[in-house]
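K.L.:
Before I ask anything, here is the structure I am working with.
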Amino acid sequence: MGRILAIDYGTKRTGIAVTDELQIIASGLTTVNTKDLIRFLKEYTSQEKVDLFVIGEPKQMDNTVSQSEKYIKEFIINLEKNIPNIKIERVDERFTSKMAFQTMIDSGLKKKQRQNKALIDEISATLILQNYLYSK
């Protein structure tokens, strides 16, 4: 069994989380500059068995897609061209950034540490992945 890799796509930075091989535990992996994302994913999937990409789907409160969805769709097309053998699923990512920030507060991180946007992106990806695992 391979890992599940979650992607919290952003136009500048992208948070990445991954499961263990048994697909039980979600852990933050890293944050990557979005311009380097495909290269990072190709390298990662050449070293680790990945069964599935889970990509956040940003929605508005009225359930319509957010403005960033057009960039995510472009990324997905590029991802499917570059890594065609790994299935992609989408997961509603509403509130993950707010939940990530609250997680940082709850874990006792100081204000300066909570301003680390890369860490927020990584935690958001982890929350997306946890939500996916809970739904299965």
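The values are calculated or read from the model by the stated rules, or taken from the named source; none is laboratory data. None of the values given here were measured: they were computed from a predicted structure. Methodologically, a virtual Cβ is constructed for each residue, glycine included, from the backbone with ideal geometry; neighbour enumeration extends over all protein chains shown.
K.L.:
Can you pull out every residue in segment 42-75 that is among the hydrophobic types (A, V, I, L, M, F, W, C), surrounded by fewer than 16 Cβ atoms within 10 Å (Cβ to Cβ) and either modelled with pLDDT of 95 or more or out of contact with any strand residue (DSSP E or B) (no Cβ under 9 Å at 6 or more places or on another chain) (or both)?
P.N.:
61
K.L.:
Could you check residue 10 against (1) over 16 Å from residue 84 (Cβ atoms); (2) modelled with pLDDT of 95 or more; (3) touching a Phe, Trp or Tyr at 6+ places or on another chain (Cβ under 9 Å); (4) not in a strand (DSSP E or B) and say which number it fails?
P.N.:
Result: residue 10 passes all but (2).
K.L.:
Can I ask one more? From 11, 19, grab the single residue that is in contact (Cβ under 8 Å) with a residue 60 or more places away in the chain, of a type in the set (Val, Ile, Thr) and under 14 Å from residue 126 (Cβ atoms).
P.N.:
Result: 19 is the single residue among 11, 19 that is in contact (Cβ under 8 Å) with a residue 60 or more places away in the chain, of a type in the set (Val, Ile, Thr) and under 14 Å from residue 126 (Cβ atoms).
K.L.:
Could you tell me whether segment 64-75 includes any residue that is under 19 Å from residue 131 (Cα atoms) and in a loop (DSSP other than H, G, I, E, B)?
P.N.:
Looking for residues that are under 19 Å from residue 131 (Cα atoms) and in a loop (DSSP other than H, G, I, E, B), one finds none in segment 64-75, hence no.
K.L.:
For segment 18-45, which positions are under 22 Å from residue 70 (Cα atoms) and under 11 Å from the mean Cα position of the chain (by Cα)?
P.N.:
31, 32
K.L.:
Filter segment 46-65 for residues that are more than 24 Å from residue 81 (Cβ to Cβ) and more than 16 Å from the chain's Cα centre (by Cα) and give the result.
P.N.:
Hits for segment 46-65 are 60, 61, 62, 63, 64.
K.L.:
So if I check each of 70, 42, 35, 49, which one is out of contact with any Pro (no Cβ under 6 Å at 6 or more places or on another chain) and closer than 20 Å to residue 92 by Cα?
P.N.:
Checking each option against the conditions leaves just 70.
K.L.:
Any residue at all in segment 32-40 that is surrounded by 18 or more Cβ atoms within 10 Å (Cβ to Cβ), in contact with a Ser or Thr (Cβ under 9 Å, 6 or more places away or on another chain) and not in a helix (DSSP H, G or I)?
P.N.:
Yes: one or more hits.
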